[in-house]
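Encoded as structure tokens, the structure appears first; notes follow it.
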Amino acid sequence: MHPQLQAWHDGFLAARADARALAGDLDAAAFNRPPAPGRWSVGQCLAHLNTVGGLLLPRLEAVVARLRIEGRTGPPPYRLG
């Protein structure tokens, strides 16, 4: 795997580990309790990230598949644009 892609992959794994470390020891009440009025709980934050990721991932996969079919690929390094 290209080092840039490996770094992104490792970053996703680290984010998952961070989320587990953050929420792993919380009971259900603490997981769902916001820290202050108008703030999101740990559970709400993680649910939001999962929801958004679940909505975006199929779109990203479709674009990547289309670009591959069209032959519109290139070598790393990759950048957002």
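Numbers at a glance
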read-out	value
Ratio of the Cα radius of gyration of the chain to 2.2 N^0.38 Å, where N counts its residues	1.49
1.4 Å probe accessible area per residue over the chain, in Å²	85
Among 40-52, 18-30, the order from most to least packed when residues are scored by Cβ within 10 Å on average	40-52, 18-30
Portion, in percent, of the accessible area of the chain that falls on carbon or sulfur, probe 1.4 Å	63
For the chain: relative contact order, % (alpha-carbon pairs under 8 angstrom, 6 or more apart)	27
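The values are calculated or read from the model by the stated rules, or taken from the named source; none is laboratory data. None of these values were measured; they are calculated from a predicted model. Cβ sites come from the backbone with ideal geometry, for glycine too, and all protein chains shown count toward neighbours. The area values use the complete protein model at the heavy-atom level, side chains included, leaving out ligands, DNA and RNA. Shrake-Rupley method; radii C 1.70, N 1.55, O 1.52, S 1.80 Å.
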